[in-house]
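S.K.: Got a structure for you, questions after.
Each reported figure results from applying straightforward, stated rules to the coordinates on display, with no laboratory input. Just so we're clear, the structure is a prediction, and the values are computed from it rather than from any experiment. Heads up, the Cβs are rebuilt from the backbone with ideal geometry, glycines too, and the neighbour counts pull from every protein chain shown.
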Amino acid sequence: MATKKETKRSAWDIVQLARHAERPNIHDYIALMCEDFIELHGDRLYSDDRGLIGGFATIGGQKVMIISHRKGRTVEENIEANFGMANPDGYRKAMRLMRLAEKYGLPVVSFIDTPGAYPGSEAEARGQAEAIAHNLEFMSTLKTPIVVVVIGEGGSGGALGIAVGDRILMLQNAVYSVISPEGCAGILWRDGSKAPIAAEALKLTAESLKGLGIIDQIIPEPKGGAHTDYKATAAAVKKAVLAQLAELRKIPLDRLVAQRYDKFCAMGRFNG
């Protein structure tokens, strides 16, 4: 007896899964993927931004530096983490930790899950744009392997501030885009209800981005989404990360950095 073929999800459906309240966050991945984790705090300039977390970890016997946006499960946790929207202090903390990774010869594993960088006036006053721009420049020449995993929302410069990597991986139902569908709809049509149309046009799904050459690998999720089986999702992410690190370790650092730089410079080029 033939089984009914599963209906392909729309881009808007995938946006909803990427934002699902029960979707695994960085704390879940650390608990399920890492043998140990030592969190490091502060940017040594202003504060310890709680929208971004990082520290030394071991994944499958491999010592790494983890950097990630941080979301909570409850309202209180999300308020503490600023709903995953980092301030400039968070991006400067990330840079400090990546500099440590380079010093000790540790690869960086960066997890992306943010609606965007925090847009408040205090963040702007402390140099939000400069902090993100400096991270882009810094990561492009960091002399250690960098694997990036988009696990939920990948929103605009807030995501890109810790997403310049040698390999960009993306969960099947994650999204990665220059702007949210609602923001795009508001700008183009002054009508937020057209967000589903904007989601399709933005090409923000893993499948679309793989086709465009923006990401390198799609990590499969359980049939109902990552929130239905944390262990299976984390196991798939762990397997993919370790496989990429094994390949990147074979490449001499100078060549690795040159390839990373060329990879990002090539994005957006077109003929005609």
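S.K.: Add +1 for every Lys or Arg and -1 for every Asp or Glu among the other residues with Cβ under 12 Å from the Cβ of Ala21, and state the total.
M.R.: Values: positive: Arg19, Arg23, Lys71, Arg73; negative: Glu22, Glu77.
Around Ala21, the charge tally is +2.
S.K.: Once phi is turned into ³J(HN,Hα) by the Karplus curve 6.51 cos²θ - 1.76 cosθ + 1.60 with θ = phi - 60°, what whole-Hz value does each residue of segment 119-131 show in order, with x for glycine and proline?
M.R.: Here the 3J(HN,Hα) series is x, x, 5, 5, 5, 5, 5, 8, x, 4, 5, 5, 5 Hz.
S.K.: Looking at [x] 18.0, 65; [y] 22.6, 74; [z] 19.1, 59, which value of Rg and Dmax of the Cα atoms in Å comes from a calculation on the structure shown?
M.R.: [x]
S.K.: When the scattering of segment 107-205 is computed by the Debye formula from its Cα atoms alone, each counted once and equally, what is log10 I(q)/I(0) at q = 0.20 Å⁻¹?
M.R.: -1.02
S.K.: Here's a follow-up. Around Asp166, under 10 Å between beta carbons, what's the net of Lys plus Arg minus Asp minus Glu among the other residues?
M.R.: Its environment carries a net charge of +1.
S.K.: Place +1 on the Cβ of every Lys and Arg and -1 on the Cβ of every Asp and Glu in segment 1-61, take the dipole about the Cα centre, and give the residue among His20, Gly42, Thr7 whose Cα lies farthest towards its positive end.
M.R.: In segment 1-61, that residue is Thr7.
S.K.: Then there's this: Can you flag which of Lys143/Lys239; Lys210/Lys263; Lys8/Lys231; Lys103/Lys250; Lys143/Lys250; Lys63/Lys143 are past 21 Å Cα-Cα?
M.R.: Lys143/Lys239; Lys8/Lys231
S.K.: Same structure again: How long are the semi-axes of the equivalent ellipsoid of segment 114-272, defined as square roots of 5 times the Cα gyration tensor eigenvalues? Whole Å, largest first.
M.R.: One finds semi-axes of 26, 22, 16 Å for segment 114-272.
S.K.: For segment 153-186 and segment 211-231, what is the centre-to-centre distance using only Cα atoms, to the nearest Å?
M.R.: Distance between centres, Cα-based: 14 Å.
S.K.: Follow-up. Give the residue list of trypsin sites (Lys or Arg not before Pro) in segment 6-39 that are DSSP loop and have at most 12 other beta-carbon atoms within 10 angstrom.
M.R.: Values: sites: Lys8, Arg9, Arg19; in loops: Lys8, Arg9, Arg19.
When the trypsin sites (Lys or Arg not before Pro) of segment 6-39 are filtered for loop state and at most 12 Cβ neighbours within 10 Å, Lys8 remain.
S.K.: Using DSSP to define loop residues, name the trypsin sites (Lys or Arg not before Pro) in segment 176-250 whose beta-carbon has at most 14 other beta-carbon atoms within 10 Å.
M.R.: Filter output for segment 176-250: Arg190, Lys223, Arg249, Lys250.
S.K.: Which aspartates and glutamates have a Cα less than 17 Å from the Cα of Lys203, not counting those fewer than 8 places away in the same chain?
M.R.: Hits, sequence-local ones excluded: Asp13, Glu153, Glu182, Asp216.
S.K.: Residue by residue through segment 68-77, what is 3J(HN,Hα) from phi via Karplus (6.51 cos²θ - 1.76 cosθ + 1.60, θ = phi - 60°)? Round to whole Hz and write x for glycine and proline.
M.R.: 7, 5, 10, 10, x, 9, 9, 4, 4, 5
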